[in-house]
Amino acid sequence: VVTIPVELAGAGYDVLVGAGLLHDLPAILRERCPAAAYAVISDDVVGPSFGTALLATLRTEGLRAELLTFPHGEASKTRETWAALSDRMLGQQFGRDAAIVALGGGVVGDVAGFVAATYLRGIPYVQVPTTLLAMIDSSIGGKTGVDVPGGKNLLGAFHQPRAVVADVDTLRRLPAALLAGGIAEALKHGVIADAAYFDVVARWSWRDGAATSGAELEQLIAGSVTIKARVVSADEREAGMRAILNFGHTIGHAIEAATAFAVPHGDAVAMGMVAEAHLAEQLGIARRGTAARIQSAVESHGLPVRPATRLPADTVLAAMRRDKKVRGDALRFALPSQIGAMARAADGAWTIPVTETAVRNAL
Ligand SMILES: NC(=O)c1ccc[n+]([C@@H]2O[C@H](COP(=O)([O-])OP(=O)(O)OC[C@H]3O[C@@H](n4cnc5c(N)ncnc54)[C@H](O)[C@@H]3O)[C@@H](O)[C@H]2O)c1
Ligand SMILES: [Zn+2]
């Protein structure tokens, strides 16, 4: 088991990565998140696969626990799901001495975390991520929330978990298509902070089944977690440095929005990273060859480097201007200076203002 601390001004917490950790959860909860009762929140795929067994384990160990599930998928990341879960917990008389266990992918983590942030004005919770993306990205950092008709993740709260418990054995049943999104984020972590880690991820072959070799997977996940934890520790509330996690996401989000989310997030981020790396090179910010290295890593994992159908630059730019992270007139980007290091603006900011013309050229 690898233990990676997320150091925060308030209460920090550990991310535990290892095989078989679900079996140790009763002890982990007793130590790191003691509570009178646990609401295990999951979706209708992960709940039957891992939740039922987990519930039995918790009860055998003398802990009060109930399993609450909702239909899987992004379409469930709504206020309605948040309300239904909260109502069910109230109905089952969970009190302020209760805690939540968020068991599932990023959708479960975001919704269950938001329930925890608001239930009786906030109760503790533990993240138990079961997708690669959730293990290396969404479960760490305390961002919780739901989607609304006006956009994704527009309602939410910062609420840090007491612990993140990533059992790599749960990834054995994850369809390969779902690993791709995690790979895109892992490559991103390499670009923003660690060139050696970038090479490891770029060379990693998961399509031939190597993904399930426990030790390798544990190291890969720990590498990403270490990078994300370091960035979150430096900037808990996204006031500055955390912006570097948005590398590939300014254009990526615009591609998602412009295609009405037909393009999966990992694919959009892959294309976004390639385009933004070209942008950085064209502006003379990134060392030459940076974009080519990212592009070949993206391709080697079967991720797309450009949209399958023609997507006019104007459509992408319009979507970018609607994005909540674009403030004022200037488009700002988190851009690498080379693989493993991010550039800073003249005023020290981690995002760099870029003209529309430059973005158009890169697209
Ligand atoms: N809070 C954050 O900082 C943050 C960061 C990145 C992404 N996110 C959010 O994360 C979400 C995406 O997360 P995701 O990709 O994990 O999606 P997801 O939670 O929808 O999971 C994808 C699918 O995999 C299934 N699944 C989960 N674990 C499985 C397993 N072990 N075996 C088989 N199937 C399994 C789920 O039931 C679901 O159908 C998005 O809503 C995104 O906004 C949040
Ligand atoms: Zn992302």
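Points worth noting:
- Some residue of the range 124-147 being in a helix (DSSP H, G or I), surrounded by fewer than 17 Cβ atoms within 10 Å (Cβ to Cβ) and hydrophobic (A, V, I, L, M, F, W, C): no
- Pick from the range 94-113, criterion among the β-branched types (Val, Ile, Thr) and not in a strand (DSSP E or B), ranking: surrounded by the fewest Cβ atoms within 10 Å (Cβ to Cβ): VAL107
- Strands (runs of 3 or more DSSP E) within the range 1-93 that include 2 or more residues surrounded by fewer than 17 Cβ atoms within 10 Å (Cβ to Cβ) and touching an Asp or Glu at 6+ places or on another chain (Cβ under 8 Å): 2-6
- The requirement of being part of a helix (DSSP H, G or I), charged (D, E, K, R) and either more than 18 Å from LEU187 (Cβ to Cβ) or away from ligand 2 (no atom under 13 Å from the Cβ) (or both) is satisfied by ARG242.
- Meets criteria (assigned to a helix (DSSP H, G or I) and out of contact with any Ser or Thr (no Cβ under 6 Å at 6 or more places or on another chain)) for GLU276: yes
- Note on the range 227-256: residues that are away from ligand 1 (no atom under 13 Å from the Cβ), in contact (Cβ under 8 Å) with a residue 60 or more places away in the chain and crowded, with 20+ Cβ neighbours inside 10 Å total 7.
- Selected residue (only one of LEU21, LEU29, LEU85 is within 27 Å of ILE221 (Cβ to Cβ) and within 16 Å of ligand 1 (Cβ to nearest atom)): LEU21
- Among (1) buried (at least 18 other Cβ atoms within 10 Å of the Cβ); (2) of a type in the set (Val, Ile, Thr); (3) more than 16 Å from ligand 2 (Cβ to nearest atom), the one test that THR309 misses: (1)
- Residue, nearest to the chain's Cα centre (by Cα), within the range 178-197, restricted to residues that are part of a helix (DSSP H, G or I) and away from ligand 2 (no atom under 16 Å from the Cβ): TYR197
- The set of residues from the range 128-142 being within 6 Å of ligand 1 (Cβ to nearest atom) and under 19 Å from SER49 (Cα atoms) comprises THR130, THR131, LEU133, ALA134.
- Any chance ALA260 is within 16 Å of ligand 1 (Cβ to nearest atom) and surrounded by fewer than 22 Cβ atoms within 10 Å (Cβ to Cβ): yes
- Counted residues, the range 296-317 - those being touching a helix residue (DSSP H, G or I) at 6+ places or on another chain (Cβ under 7 Å) and within 19 Å of ASP194 (Cβ to Cβ): 4
- Selection from the range 205-218 of residues that are at pLDDT 80 or above and either loosely packed, with under 14 Cβ neighbours inside 10 Å or not in a helix (DSSP H, G or I) (or both): ALA215
- Residue check: ALA163 meets all listed conditions (1) more than 19 Å from ALA270 (Cα to Cα); (2) within 15 Å of the chain's Cα centre (by Cα) but one, namely (2).
- Residue within the range 110-124 that is away from ligand 1 (no atom under 16 Å from the Cβ), under 28 Å from ALA229 (Cβ atoms) and in contact with a Cys (Cβ under 6 Å, 6 or more places away or on another chain) present: yes
- Test: residue in the range 173-186 that is within 29 Å of ALA215 (Cβ to Cβ), touching a Gly at 6+ places or on another chain (Cβ under 7 Å), near ligand 1 (Cβ under 8 Å from one of its atoms) and of a type in the set (A, V, I, L, M): no
- Top-ranked residue in the range 166-177 [being surrounded by fewer than 21 Cβ atoms within 10 Å (Cβ to Cβ) and part of a helix (DSSP H, G or I); ranked as modelled with the lowest pLDDT]: ARG173
The values are calculated or read from the model by the stated rules, or taken from the named source; none is laboratory data. Note that the structure is predicted; figures quoted are calculated from it, not measured. Cβ sites come from the backbone with ideal geometry, for glycine too, and all protein chains shown count toward neighbours.
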